[in-house]
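Notes follow the structure.
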Amino acid sequence: MTADTLLVEPAAVEAAIARALSGGAEFAEVFVEDRRSVAIGLDDRKVEQLSTGRDRGAGIRVIAGETTGFAHTADLSEAGLLAAAEAAAAVARTGSGRTRRVALEGRRAGALSAATVAPESVSKADKVELLRRADEAARASGGEIVQVSAGYGDSRRRILVANSDGLLVSDDQVRVRFGVSCVASGDSGLQTGYESLALTVGFDLFDRYDVEEVAEQAARQALSKLTARPAPSGVVPVVIERGSGGVLFHEACGHGLEADHIAKDASAFAGRVGQMVASPLVTLVDDGTVAEQWGTAAIDDEGRASQRNVLIEDGVLTDYLWDHLRARKEGRSSSGNGRRQSYQHLPMVRMTNTFLLAGKEDPDELVAQTPYGIYVAKLGGGQVNTATGDFVFGMTEAYLIEDGHLTQPLRNANLIGNGPEVLTRIDAVANDFAMSPGSCGKDGQSVPVGCGQPTLRVTGITVGGTADA
Amino acid sequence: MPELDALVEAVAAAARPGEQVEAYASWRRDTDVRVFAGEIEQLATAESAGIGVRVITGGRQGFAYVGAIEESAGREALDAARENAPFASPDEHLALALPDAVAPACLALWRPGVASTPTAAKVAMALDLDRRTRAADPRIRQVVSSDYSDGDGEWAVASSTGVRASSRRTTSSLSVSVLAGEGEETQGAGGYSVGRSPEELDVDVASSDAIERAVRLLGARKPKSQRLTVVLDRRVTATLLSVLAGTLSGEEVARGRSMFAGRLGEQVGVEGLSLVEDPTNPLAFGAAAFDAEGLACRATPLIEGGRLSAYLYNTYAGRLVGTASTASAVRGGFSTPPGVGARALAIEPGTTDVATLLAEVGDGLFVQSISGVHSGVNRVSGDFSVGVQGCMLRDGAFSEPVREATIASAVQRMLLGVVAIADDVEWLPGPAAGVTLAIADVALSGR
């Protein structure tokens, strides 16, 4: 491997690790990142501006006993890395002053998602053109569409991870996203719709997906809500369409299965491995290797190869999600879930692509068998209190189910439930499946994740509307 | 400390004829200490810096940033922004800020204590917070984290239209997250003490704040669905105001993406409701002498006696509708161009204390915290639905605690339903002040 593909001189990385260990720490890590991004926004028929950015730097982590020291620098010279190593090591200073030099052997992470068309090879004009096409398609969807905004973004993130266990690995991660939001205006006021595409692929994303279709979906969602009535208030059965409902599992149990919450006994799932924690219809997986998904990467941000982790199998809790730090304390290996927003952040336990496996039922039958309830076609973001398991998430497109048929569209409202309880109330899982992209926030750090699920029914969940149920 | 002024001035001076160039550079140093179970769990110290450049040429705007502040980074960002400009649509409203006659407020936002306090003393504060919180109440089952954090940051902006501004500020805070438990049950809450320097912080304030909030929720149940009056804890009010800020952005209004579009002069709230954006208030955490385009910040009354009186503008948004900037340009750091936002929103406080307000309300729901704000408050339609934790109010006293419930209404209705405002204004980090607020006729969803 050449120095260029490694972002920094291996000798400088070795020296930084040696310096970081010099205070007597047992583990040191250098994370180098070079990120280039392009963002283009269209709003009110105008391409607002094209912006580009470059961030480059290294974060150095030192672990001594129970303590982690961390420092970062934008200076990738040997002097810059040594200064950051010194700062990170200061916390772990034990005064032993011994020198431990680790030999690094480099490898490149196997490409899981080779970008066949590198976004940097595509002209900016072609990227702008996508936004114009989306704008036109959304406006053509109906005269009530009064405003359209659309965004394109691509990023190339090259990382290198080296540590005192002798690891030296690099990866090249390319992501492309495209989103459209619409505002529709009617007698009852304004309504909004949003749809996006986001995958860990190159510009070939647009050979396979149609931006017009994304725009029409966003417009249709806003238009459908113009006649929406207030959502009910109270506990009702809810059918969640495949795709965006994956966020339910991300919030309702994914966060509670992160080993940092478990270690502090701050999760409703602590101490429950081997127990029945969900309906037997539930098999939940976190898998960073699913080709091209938004949360996919060949390695995590600690250099560990991504893997498929079964968290709940047929309702039984099988394992938690682990990063290097938490796994090390338990004397086991990481599950490949150590992620960070950038070189300026410490890694922590994070999800990648989290999804429920498909079941056997026909999705249409699921609705037909529901006399009264809510059909959620699209869920928005959510939030969980991991200590209690209580979570909320927003319905951004939903319909009333009456006598087994979708009737009225409903206005936006949040659903609230308790993760461990909702998992036991899933009484039907369909044979379809879809993934959707999201952005997951934890301790102020944001990382791209995928969520997925088949169409399913929860027997009762609290809907935070204003109408009598 | 880098010389940011010289860096941005050099970029602005490189503008070519017919071009407008603005450079914004920032630098910050942060220290974060986290303690768990009597040990330092994490100690991070870091500096970060970068420069973002806007170029407007031929009525088109390009933007680029570089996460570094060498002289070459300024040139690199300028070249990239120039390269990007031709791909944008021409827009006659695009222009950089022009210096106006408003004088900047004299604010003391920087304190020497952040830099002069040794790291060991900061660590000691976090250890002390952890120890005292664990010892304070037998019902505290776990102290999940005790954090000390501070930051020392500077930014500077210069433009070819004559803008020159810079600012430096410090922040310092203690926060603690606890779990209270009885039997199988667990409830969590957080507490804070914030200031601009370590000596302004109070370990006991953070600790007792967290403990009171967690313990109060023990025994919480799902309440019965009903319509009632809600009393919002002042921190909840601050969160809601920070969401509301987006609806008062002149740019969102001009684009028809706000529930307040076209309603200037209308009675949007009860007569007793007044809302002002005033970054010149030195008590505000977001206080600032200059906005992110380098104009002097100023007070803007937004709602006066319930009547909608103004929107917030940066230079571009103002030009969209032919009005001046209210110096409300904000940035998410050097990596984004300026948008429109609030820094110091506050509801004019009432004259009653919280105890009197609770007694006057009598029966209802006291809302201690809310969740799902981003998915639950629609700034365009006004639809409002958020998760709540708190206590039922009976005869003005805290009664049975409540969890796994939501409150719902429409923002438009809620502003007209305000029945009481207390006198307990509190500034915390974020763009808005908190004040205890009572709102009638809100739908509580539970069992």
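The values are calculated or read from the model by the stated rules, or taken from the named source; none is laboratory data. As the structure is a computational prediction, the values presented were derived from the model and not from experiment. Don't worry about glycine lacking a Cβ; one is built from the backbone with ideal geometry, like all the others, and counts go over all protein chains shown. Side chains are part of the model used for accessible areas, which takes the heavy atoms of the whole protein and leaves out ligands, DNA and RNA. Shrake-Rupley method; radii C 1.70, N 1.55, O 1.52, S 1.80 Å.
Things to note:
- In region A:58-72, the residue that is farthest from A:A134 (Cα to Cα) out of those that are more than 7 Å from chain B (Cβ to nearest Cβ) and open to solvent by less than 20 Å² (accessible area, probe 1.4 Å) is A:A64.
- Among all positions in region A:390-406, there is no residue which is buried (at least 22 other Cβ atoms within 10 Å of the Cβ), within 24 Å of the chain's Cα centre (by Cα), part of a loop (DSSP other than H, G, I, E, B) and β-branched (V, I, T).
- Look at region A:250-274: where a residue is on the phi > 0 side of the Ramachandran plot and more than 9 Å from chain B (Cβ to nearest Cβ) and a partner is surrounded by fewer than 23 Cβ atoms within 10 Å (Cβ to Cβ) and at pLDDT 95 or above, sitting 6+ places away or on another chain with Cβ atoms under 9 Å, you get A:G274/A:V316; A:G274/A:L317; A:G274/A:T318.
- Inter-residue pairs, beta-carbon under 6 Å, first closer than 17 Å to A:V384 by Cα and in region B:363-374, second open to solvent by 10 Å² or more (accessible area, probe 1.4 Å) and in a strand (DSSP E or B), 6+ apart: B:Q368/B:Q389; B:S369/B:Q389; B:S371/A:Q383; B:G372/A:Q383; B:H374/A:G381
- Residue within region B:72-91 that is more than 9 Å from chain A (Cβ to nearest Cβ) and assigned to a loop (DSSP other than H, G, I, E, B) present: no
- If the condition is being open to solvent by 20 Å² or more (accessible area, probe 1.4 Å) and facing chain B (nearest Cβ under 8 Å), then region A:36-57 contributes A:D44, A:R45, A:K46, A:E48, A:Q49, A:S51, A:T52, A:R54, A:D55, A:R56.
- Number of the condition not met by A:K225 [criteria: (1) farther than 30 Å from A:L76 by Cα; (2) away from chain B (no Cβ under 11 Å)]: (2)
- Matching option when the condition is open to solvent by 30 Å² or more (accessible area, probe 1.4 Å), touching a Pro at 6+ places or on another chain (Cβ under 9 Å) and among the acidic types (D, E), among A:D432, A:D427, A:D443: A:D427
- Failed criterion for B:T186 (all others in (1) open to solvent by 20 Å² or more (accessible area, probe 1.4 Å); (2) out of contact with any Leu (no Cβ under 6 Å at 6 or more places or on another chain); (3) on the phi < 0 side of the Ramachandran plot; (4) not assigned by TED's automatic domain parsing to the domain that holds B:D395 hold): (2)
- Single unsatisfied condition, A:A413 versus (1) within 14 Å of chain B (Cβ to nearest Cβ); (2) under 30 Å from A:G189 (Cβ atoms); (3) in contact with a helix residue (DSSP H, G or I) (Cβ under 9 Å, 6 or more places away or on another chain); (4) open to solvent by 10 Å² or more (accessible area, probe 1.4 Å): (4)
Rundown of residues vs (1) aliphatic (A, V, I, L, M); (2) open to solvent by less than 50 Å² (accessible area, probe 1.4 Å); (3) under 30 Å from the mean Cα position of the chain (by Cα), yes/no style:
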{"position": "B:L7", "(1), (2), (3)": "yes, yes, yes"}
{"position": "B:A13", "(1), (2), (3)": "yes, no, no"}
{"position": "B:D30", "(1), (2), (3)": "no, yes, yes"}
{"position": "B:A46", "(1), (2), (3)": "yes, yes, yes"}
{"position": "B:G50", "(1), (2), (3)": "no, yes, yes"}
{"position": "B:V53", "(1), (2), (3)": "yes, yes, yes"}
{"position": "B:R60", "(1), (2), (3)": "no, no, no"}
{"position": "B:Y65", "(1), (2), (3)": "no, yes, yes"}
{"position": "B:R75", "(1), (2), (3)": "no, no, no"}
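- Beta carbons closer than 9 Å, at least 6 apart along the sequence or on distinct chains, pair a first residue in region B:198-211 that is in the same structural domain as B:L179 (by TED's automatic domain parsing) with a second that is assigned to a helix (DSSP H, G or I) and hydroxyl-bearing (S, T, Y) for B:V203/B:T133; B:A206/B:T133; B:S207/B:T133; B:S208/B:T133; B:A210/B:T133; B:I211/B:T133.
- The one condition in (1) open to solvent by 60 Å² or more (accessible area, probe 1.4 Å); (2) within 14 Å of another protein chain (Cβ to nearest Cβ) that A:Q369 fails to fulfil: (2)
- Test: residue in region B:142-153 that is among the aliphatic types (A, V, I, L, M), open to solvent by 20 Å² or more (accessible area, probe 1.4 Å), under 25 Å from A:A270 (Cβ atoms) and in contact (Cβ under 8 Å) with a residue 12 or more places away in the chain: yes
- With respect to (1) open to solvent by less than 50 Å² (accessible area, probe 1.4 Å); (2) assigned to a strand (DSSP E or B); (3) among the polar types (S, T, N, Q), the lone exception for A:Q383 is condition (1).
- Where strands (runs of 3 or more DSSP E) sit wholly within region B:289-404, those with at least 3 residues that are within 14 Å of chain A (Cβ to nearest Cβ) and over 27 Å from B:R169 (Cα atoms) occupy B:364-371, B:383-394.
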